[in-house]
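Colleague: I'd like to ask some things about the structure below.
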Amino acid sequence: MKKFVRSAVLAAGCLAALGFSASPAYALGCISGATAGAFAGHVAGGHAVMGAAAGCLVGHELAVKRDREAEANKLIAHYETAPEGSAERTRDLAGIDKLARKNVPIAVQWVQEHGIHSH
């Protein structure tokens, strides 16, 4: 058990260092994913380090997805309240379009519903 804890802490620390270089939200996704992955890897046959690495990747991707969805919701809400023809509305539309091209589901749906054509 000591070896598992040491391996998990080491892996989580290394992965967290990598994650913090990206952004705090992604680092938290990496840390939580690495922790869960280390435990799952240990239970699955002593592969705590590999589990931590895989968990970090999954946690990071989920954090990115969550942030993009939040950004899309914010841009859509702002677009719908901004004055017609304003610069804010144009920026919001460009942001929504960019997120739609990254396949963020809420942005893709909004673009399709409003008949906006992505470039």
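The values are calculated or read from the model by the stated rules, or taken from the named source; none is laboratory data. Everything numeric in this text was worked out from a predicted model, so none of it was measured. Don't worry about glycine lacking a Cβ; one is built from the backbone with ideal geometry, like all the others, and counts go over all protein chains shown.
Colleague: For a quick check of your reading: which helices (runs of 4 or more DSSP H) sit entirely within segment 18-119 and have at least 3 residues that are at pLDDT 95 or above?
Modeller: By residue number, 48-81, 87-101, 105-113.
Colleague: What number of residues in segment 69-82 are farther than 20 Å from residue 103 by Cβ and in contact with a Lys or Arg (Cβ under 7 Å, 6 or more places away or on another chain)?
Modeller: 1
Colleague: Between a first residue in segment 64-84 that is at negative phi and a second residue that is among the basic types (Lys, Arg), which pairs have beta carbons less than 8 Å apart while being 6 or more apart in sequence or on different chains?
Modeller: As it stands, the answer is 68/102; 79/89; 82/89; 83/89, since those pairs meet every condition given.
Colleague: Also: Look at residue 48 and say whether it is crowded, with 16+ Cβ neighbours inside 10 Å, touching a residue at least 12 places away in the same chain (Cβ under 8 Å) and touching a Phe, Trp or Tyr at 6+ places or on another chain (Cβ under 7 Å).
Modeller: Considered against the rule, which asks whether it is crowded, with 16+ Cβ neighbours inside 10 Å, touching a residue at least 12 places away in the same chain (Cβ under 8 Å) and touching a Phe, Trp or Tyr at 6+ places or on another chain (Cβ under 7 Å), residue 48 comes out as yes.
Colleague: Quick one: would you say residue 11 is modelled with pLDDT of 65 or more, at negative phi, buried (at least 17 other Cβ atoms within 10 Å of the Cβ) and assigned to a helix (DSSP H, G or I)?
Modeller: Judged against the criteria, residue 11 is not a match.
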